[in-house]
Amino acid sequence: MKIAEASKRYGVSADTLRYYERVGLLRHVPRNESGIRDYDEDSCRAIEFVKCMRGAGVSIETLIEYMALLEQGDHTAAARKALLEEQRGVLQERIDTLQAGLDRLDYKIANYDRLMASLGSAPKGQA
């Protein structure tokens, strides 16, 4: 798959894919005889992983470290696991913070629903 196809499929710009390759997040992207990137299944799985982790807020630096460890082989499994566990903790804290904000918003909205109902101005469909 060419870079334009990969870009479209994964919703990541071609420039971002090139950057990911340059910094070591996408390693060993195959190229055709003309030197044009030709993403294979392994490359596509790496794109999916990086995109997912970036969406979860994992830093580029952490992902570079993880991919470098992965490249070194199975003897780095414990280090990779520790890195992922650390990132899981960071993400869980972020989720907890977001959940607290959502809970507060739900509470405030419910209060306004009660206030508006008591004033006789509840939105249509609510009483």
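Quote the relative contact order of segment 1-81 in percent (integer), defining contacts as alpha-carbon pairs under 8 Å separated by 6+ residues.
25
By Kyte-Doolittle mean hydropathy of at least -0.5 and Cα axial length of at least 15 Å, which whole DSSP H helices of the chain are selected?
41-55, 60-72, 77-118
Taking the full set of protein chains and a 1.4 angstrom probe, give the accessible area of residue 105 in square angstrom, rounded to the nearest 10.
100
Expressed as a whole percentage, what fraction of the accessible surface of the chain belongs to carbon and sulfur atoms when a 1.4 Å probe is rolled over the protein heavy atoms?
C and S fraction of accessible area: 55 percent.
For segment 45-97, what percent of Cα pairs sit more than 17 Å apart?
36
How big is the Cα convex hull of the chain in projection, averaged over all directions, in nm²?
Convex hull of Cα atoms, orientation-averaged projection: 11.9 nm².
With 24 Å as the limit, write out which pairs from 2/81; 8/81; 8/51 have Cα-Cα distances beyond it, or answer none.
Distance filter (> 24 Å) returns 2/81; 8/81.
Considering amide H positions built from the backbone, and no H for Pro or chain starts, which residues 5 or more places from residue 24, or on another chain, come under 5 Å of its amide H?
none
May I ask you to order 61-69, 80-88 by the average number of other C-beta atoms within 10 Å around their residues, highest value first?
Peptide ranking by packing, descending: 61-69, 80-88.
Using a probe radius of 1.4 Å on heavy atoms only, what accessible surface per residue do you get for the chain? Whole Å² is fine.
69
The values are calculated or read from the model by the stated rules, or taken from the named source; none is laboratory data. Every value quoted in this text rests on a predicted model; they were computed, and no experiment measured them. Cβ: placed from backbone, ideal geometry, glycine included. Neighbour counts: every protein chain shown. Surface areas here come from the heavy atoms of the whole protein model, side chains and all, with no ligands, DNA or RNA. Shrake-Rupley method; radii C 1.70, N 1.55, O 1.52, S 1.80 Å.
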